[in-house]
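Take a look at the structure below.
Bear in mind these aren't lab numbers, they're just calculated from the coordinates by the rules spelled out. None of these values were measured; they are calculated from a predicted model. So basically every Cβ, Gly included, is an ideal-geometry build from the backbone, and we count neighbours across all protein chains shown.
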Ligand SMILES: [Zn+2]
Ligand SMILES: [Zn+2]
């Protein structure tokens, strides 16, 4: 396979952005892969930036996901505590508390599954 721009020169790599085969002169080694000199370097850098940012967002969301579950569970426990104290209207806080604790458990399991699936994504760093 020869360079997209130079018919006589053998290609040494493929641009990460446009997938053209290119010779040494036409390629630039970006921090995250090869790209056409000037034309595609910026695009590859932008792409890498977006991938990096979305990954960071996903990591932040993992923490938030568990926090939501924990807060929900705590609120449920507070309601349960009210209900356990008794009184004529105990059934409402008991029902709400049970519901919230149950929801928090379901939520936590779902998050665990989701986080596990995130762990299976192919590592984009080379
Ligand atoms: Zn390119
Ligand atoms: Zn070339």
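Annotations for the structure displayed:
- Selection count, the stretch 1-23, where residues are near ligand 1 (Cβ under 10 Å from one of its atoms) and loosely packed, with under 15 Cβ neighbours inside 10 Å: 2
- Only residues that are within 30 Å of residue 115 (Cβ to Cβ) and touching a strand residue (DSSP E or B) at 6+ places or on another chain (Cβ under 9 Å) were counted across the stretch 12-32, and they come to 1.
- Here the stretch 24-82 is the region considered, the condition is being within 23 Å of the chain's Cα centre (by Cα), in contact (Cβ under 8 Å) with a residue 24 or more places away in the chain and not in a helix (DSSP H, G or I), and the residue that is surrounded by the fewest Cβ atoms within 10 Å (Cβ to Cβ) is 32.
- Residue within the stretch 89-105 that is within 16 Å of ligand 1 (Cβ to nearest atom) and within 23 Å of the chain's Cα centre (by Cα) present: no
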